[in-house]
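Report on the following structure.
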């Protein structure tokens, strides 16, 4: 993985990637705990739709860590490496970052939606 800024490809490394891995783990843990609470307390199955938020956050953070690319930095026109951070000066690079950031956000939302739907379907069938 690159340790230099590349438009639409890499805008974080090191500590920022580790932070996103931790966020993903926490988000997936929250989703698992929420699922467990809904299942053991006999709450309405419809409440499983609430899994969407932590699952989406977990997927997006995991993708950001894996791809070394932060959506919020991309949308704000910045980059952050262990030894350097700052604004992205080239307009075409900012546009490339925005497009890549939106794609990554959509993938996170899609992962959350699909997984929530699958969990809901499985639990409803049981």
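The values are calculated or read from the model by the stated rules, or taken from the named source; none is laboratory data. Since this is a predicted model, take the numbers as computed values, not measurements. For neighbour counting, all protein chains shown are included, and Cβ atoms are generated from backbone atoms with ideal geometry for every residue, glycine included.
The set of residues in segment 5-43 being free of Cβ contacts under 8 Å to residues at least 24 places away in the same chain and assigned to a loop (DSSP other than H, G, I, E, B) consists of 41, 42, 43. Evaluation of residue 76 against the conditions (1) touching a strand residue (DSSP E or B) at 6+ places or on another chain (Cβ under 9 Å); (2) at pLDDT below 95 shows that the sole unmet condition is (2). Applying the condition of being under 15 Å from the mean Cα position of the chain (by Cα) and surrounded by fewer than 17 Cβ atoms within 10 Å (Cβ to Cβ) to segment 5-20 and asking which residue is nearest to residue 57 (Cα to Cα) yields 19. Applying the set (1) part of a loop (DSSP other than H, G, I, E, B); (2) modelled with pLDDT of 95 or more to residue 107 leaves exactly one unmet item: (1).
Taking segment 75-93 as the range and being in a helix (DSSP H, G or I), without any contact (Cβ under 8 Å) to a residue 12 or more places away in the chain and more than 17 Å from residue 19 (Cβ to Cβ) as the test, only 91 passes.
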